[in-house]
Structure formats: C-alpha cells, structure tokens
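Asks: Handing you this structure, nothing more for now.
The values are calculated or read from the model by the stated rules, or taken from the named source; none is laboratory data. Keep in mind the model is a prediction, meaning the values are calculated, not measured. Glycine gets a Cβ as well: all are built from the backbone with ideal geometry, and neighbour counts include every protein chain shown. To get the accessible areas, we keep the full protein, side chains included, count just its heavy atoms, and leave off ligands, DNA and RNA. Shrake-Rupley method; radii C 1.70, N 1.55, O 1.52, S 1.80 Å.
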Number of protein chains: 2
Amino acid sequence: MNVLIVCAHQDARSFNGALLALAERELAAAGHAVEVSDLYAMNFEPRCTAADFADAGSGSLFKYDELQERAHANGGFAPDVAAEIDKLVRADLLILQFPLYWFAMPAILKGWVDRVFVNGLVYGGGKWYDRGGLKGRRAMLTITTGCYPPMCAPDGINGGMDLLLWPIQNGILRFAGMAVLPPFIAYAVARSGQAAREADLARYAERLRTLERTEPIFFHPRDDFGADWRLKPGIAPRTVGQRR
Amino acid sequence: MNVLIVCAHQDARSFNGALLALAERELAAAGHAVEVSDLYAMNFEPRCTAADFADAGSGSLFKYDELQERAHANGGFAPDVAAEIDKLVRADLLILQFPLYWFAMPAILKGWVDRVFVNGLVYGGGKWYDRGGLKGRRAMLTITTGCYPPMCAPDGINGGMDLLLWPIQNGILRFAGMAVLPPFIAYAVARSGQAAREADLARYAERLRTLERTEPIFFHPRDDFGADWRLKPGIAPRTVGQRR
C-alpha cells in the first residue's frame, strides 16, 4: 500500500512527532511505502489565491472552484499544489494527523484540503460521496486533543466526537469517495502523563498493524437518498449526520 | 454597537463582496461602528508559528496554547495578531462571513480563529462556554454555500446544517462565551440566479436591521452539566450537539 501522512504539528519532538515517527516505522515494517507531508516543516501555504494557478484569468471574477477545474483539465496548478495532488493520487491510504484546534483541523491542514482536494479530480461533475473521485481509497484521522473523553460523549459538553468529526469524515473524506476508517484519538495528551501517552502509542501501533482488516465507518450510500438528496422513505437513518 | 466583520473572500466583486458592502452600509445607517478584517486583502497569515510571538522560547518544545497564554500575560504578540485581538476586544458583535469550504471555514479564516482567539483572553483557566472570555458579546455566521437547502436538511445527504455548524457555533463561538445569533445562509449562490441573490440580499438587510431583537440560539448552560462534563440526569437534551 502507498500511504500518505499529512501532519500538522510545529515540533517533531512533540507527541504528534512521536505518533508520526511511529507510523512511519510501523508502516514501513509492514511493507508499505510511506510519504509524509509535514506541513509546518514545508511552510505549506494554506491560502487559496491566484498564485495557485499558472493562469488565474487576470481581471475576471475570482471563482476558486472553477479555476481548480480548469487547472485540473490543463495541468495549470502551481508547483506546490501539483506536488501534493501527485502524492494524493499515489496514495491508497491517506492519514490526516493533527492536534484538534477549535474542534477542527488547524488552518494549515484545512488549507491543504482546500487547495489539494481539487474540483475536477476529487469532486465535481457527479463525483461525490460513494461516486467521489477518490473512490477505492481509504482515509483515517489521527487526532490529539486537549479535552477529556467524557466531554466528547454524546451528552458531553462539547458534543459527541462522531458529531464533531462529521464535517471532516463525511463532508471531506467521504464526500471525496474514500472509505473512512475509525479515527485514532489520543485524549488530553498534554495532561495525561507518560504512562497514558505510552499506552496511546501502543494502541496506535496496533491500529497501524491491523489497517487491512479494519472495517470502515458506515455512511449511507448515494442510493439511499432520493432525487431530493434526502433519505428515501423507509430508509432508517444510521449515522449521526442524517436524522429524521 | 461596535461590530467586527471578518470576511474571507478573494474578490470584492463577488456575492460575498455584495454581502459585505450591504452589511457595512446597513450597520452604519443604524448607527453602529463597523470594522472589517478583509482577510485576503490583508493577506492574513493563517499558520500558527513562532513568528506569532515576540519570544517563542527558542529551543523549547513548541506548545502553541502555552505561548499564547504567556504572550497574553506580557503583551508579547506579533503586531498582526495584536491588531486583530484589539479589534476583537472592541467588538460587541462579531460576524464571520465566508463561503463554506468543505463544510467549514476557509483556511484563512480558520487561521484567524486559531491565532486571534487566544488562550488566556478567550478561554483557559475556567473560562469556557457561558463563562468564556468573550461573555456578554454576540456572534453570527454569514455563509454562502455551493449546495442546496435539502442537502442540508436533517435527513439530507450532507447532514443537517445545525449539525454541520455545531463545531463552529458551539465549539468556537459559544466556547468563547458569546451569545450566538442564528446564522444567515445564502444557498447555492453561484447557480441560484439574479432574482434569488437579490432576495438573499434583502433577507440579509432585514437580519441586520433586526439584530437587537434577534434571539440567540439555545445552548445548555454550564450548570446543566455535571462534574463529569455530561448532561445531568433529568436534563433533557435540547441541542443537536448533546444527545443521549
């Protein structure tokens, strides 16, 4: 398997750095080819601007998604975007690894998605959800948090973790067509203590060793929705996202 | 009222540009003082790095939240961060205006939150949710989408809009202590046509004229949660976020 890990932490000596080093080691030992986009080390650009394109149509109204579609058709992406698209296309498994910032991805990683999950390749023209452009590939989130597990219980003060991650897991990864493996989450790593962090690392190693037999999260297939994009009558909602 | 509008669109001639111009006009006409952070025009930096601080503790492990706390205590923020913090502190109402990118904020705006909603001022040391550092202030999202309303119905293919916005409305704005007004959403603006867009602008003007008598969204107060941060027995869940 080709694995692409996109990581958003500023310091390789952090717990995120330890998770990344562990993943590179375990995946290589299992015979996988690993690529890493270490976003802060790359000083990766998160802003979506005209600089992303060889030709942004000077003077015309700036429509980012249309510019992406055109650049995909004619190979007109800036080198830094093109390089990440190439990595994405090579990957059988995409791991997004990050500390949860405000219950979402840090901006530098959100910018990687905004700029690299391009219209024309990843979505658009009928390509979305189980017909998405990255169909046949898998994805997984590896997350560290500042909060404790009960805060992210279904009745917790932050809301349930499956609900907090819905916009990413459904709205990005599943929207792109990927099968989404359950997230790996290490809670409250700044305060949990050395023993808990070591247990987290062991738990992550086990997840990495068992990737091939891990069941993806269930999402309703496109055919469960009617022409109005809502669950068809008689289809019982099975996700946190689609309720009645 | 002092109003701060933080806007994330690349082109002032866009529909987002029209929404922004309308808001500036309507709010000024109603006697409010308006400040705007036009993030792309400012080329606002979204990345969280050592450059955000006068002193990032060279050589020590990079912990962004701790550096924010220290910089808040000693006034050690970089000028671009300090300027935005000053605007935020002056604001009675914060409007975050953006096109929905991947069911979330564009990276440039997420970076504004990551860098400006700083530990020590906005949260930390017991300051969170209805005890958050921005308590007494109000906030509102102004959003344009590529998708159509039924896609974001509770049983829609994207999941319900209240659920999609939960990480922002609860996890950022409410977490910071703000009262959150219902979002203004203009759907599918690239395809809805001129008449629909004009109706959207009229609807937005009406929202802006009636801000003072608009009821905030309900969130469970901190006291509805027990020492385990979960809803106390007997408290019925009333939000999309907290379920049983």
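Asks: Which of the peptides A:149-156, B:156-163, B:110-117 is most tightly packed, and how do the rest follow, going by the mean number of other Cβ atoms within 10 Å of each residue? Provide the component values of the computation, followed by the final result.
Replies: Numbers: A:149-156: 19.2, B:156-163: 22.9, B:110-117: 24.6.
With the highest mean Cβ count within 10 Å placed first, the list reads B:110-117, B:156-163, A:149-156.
Asks: Further, regarding this structure: At 222 nm, what helix-only mean residue ellipticity would the protein assembly as shown give, in deg cm²/dmol to the nearest 500, using -39500 (n - 2.57) for each DSSP H run of four or more?
Replies: My calculation for the protein assembly as shown gives -9500 deg cm²/dmol from helical runs alone.
Asks: Using a label point 7 angstrom from Cα along Cα-to-C-beta, what distances in nm, from shortest up, separate A:ARG209 from the other copies?
Replies: Reported distances to equivalent positions: 6.8 nm.
Asks: Please compute the contact order of chain B in relative form: average sequence separation of alpha-carbon pairs under 8 Å and at least six residues apart, divided by the residue count, as a percent.
Replies: Dividing the mean separation by the residue count of chain B yields 20 percent.
Asks: Taking each residue of B:166-175 in turn, how many C-beta atoms of other protein chains fall within 10 Å of its C-beta, and what is the average?
Replies: What the average comes to for B:166-175 is 5.
Asks: Per q in 0.06 Å⁻¹, report the Debye log10 I(q)/I(0) for the protein assembly as shown, using one uniform scatterer on each alpha carbon and no solvent.
Replies: -0.25
Asks: So what are the ³J(HN,Hα) numbers for the stretch A:124-141, from phi and the Karplus equation (6.51, -1.76, 1.60; θ = phi - 60°), rounded to whole Hz, Gly and Pro as x?
Replies: x, x, x, 8, 7, 6, 5, 10, x, x, 9, 3, x, 9, 10, 9, 7, 9
Asks: Moving on. Would you please give the residues with an amide H less than 5 Å from that of A:THR144, counting only those at least 5 places away or on a separate chain, with H modeled from the backbone geometry?
Replies: A:PHE98, A:LEU100, A:ALA186
Asks: Turning to a different aspect of this structure: Can you give me the long-range amide H partners of B:SER37? Hydrogens built in the peptide plane at 1.01 Å from N, cutoff under 5 Å, separation of 5 or more residues or another chain.
Replies: Distant-sequence amide H within range of B:SER37: B:ILE5, B:VAL6, B:CYS7.
Asks: What's the total accessible area buried between chains B and A, using a 1.4 Å probe, rounded to the nearest 100 Å²?
Replies: Summing both sides, the interface buries roughly 5600 Å².
Asks: In whole Å, largest first, what are the principal axis extents of the Cα atoms in chain A?
Replies: 57, 49, 36
Asks: Provide a whole-number value for the mean count of partner chain Cβ atoms within 10 Å of the Cβ atoms in peptide A:236-243.
Replies: Values: counts 0, 2, 0, 1, 4, 9, 9, 9.
That works out to 4 on average.
Asks: Another question, then. What are the radius of gyration and Dmax of the stretch A:119-215, computed over its Cα atoms and given in Å?
Replies: Looking at the stretch A:119-215, its Cα Rg and Dmax stand at 15.8, 50 Å.
Asks: Return the residues of the stretch B:37-84 for which accessible area with all protein chains present is lower than in the chain on its own by 20 Å² or more; set the probe to 1.4 Å and exclude ligands, DNA and RNA.
Replies: Output list: B:TYR40, B:ASN43, B:PRO46, B:ARG47, B:CYS48, B:GLY59, B:LEU61, B:PHE62, B:TYR64.
Asks: Moving to a separate point now. Give the average, rounded to an integer, of partner chain Cβ atoms located within 10 angstrom of each Cβ in A:96-104.
Replies: Going residue by residue through A:96-104 and averaging, the value is 5.
Asks: Also: How far apart are the B:GLY136 label points across copies, placing each 7 Å from Cα toward Cβ, in nm, shortest first?
Replies: So the label point of B:GLY136 gives 6.0 nm to the other copies.
Asks: Something else: Each residue of the stretch A:196-209 in order: what ³J(HN,Hα) in whole Hz does its phi give by Karplus 6.51 cos²θ - 1.76 cosθ + 1.60, θ = phi - 60°, with x for Gly and Pro?
Replies: 5, 5, 5, 5, 4, 4, 5, 5, 5, 4, 5, 4, 5, 6
Asks: Shortest first, in nm, what separates the label point of B:GLU198 from those of the same position in the other copies (7 Å along Cα→Cβ)?
Replies: 7.1
Asks: Now for a different question. If you plug each phi of the stretch B:57-66 into the Karplus form 6.51 cos²θ - 1.76 cosθ + 1.60 with θ = phi - 60°, what whole-Hz ³J(HN,Hα) values come out, in order, with x for Gly and Pro?
Replies: Per residue, the Karplus-derived 3J(HN,Hα) values read x, 4, x, 7, 4, 7, 10, 4, 5, 6 Hz.
Asks: Moving to a separate point now. What pairs in A:LYS63/A:LYS127; A:LYS127/B:LYS110; A:LYS87/A:LYS135; B:LYS87/B:LYS110 have C-alpha atoms more than 24 Å from each other?
Replies: A:LYS127/B:LYS110
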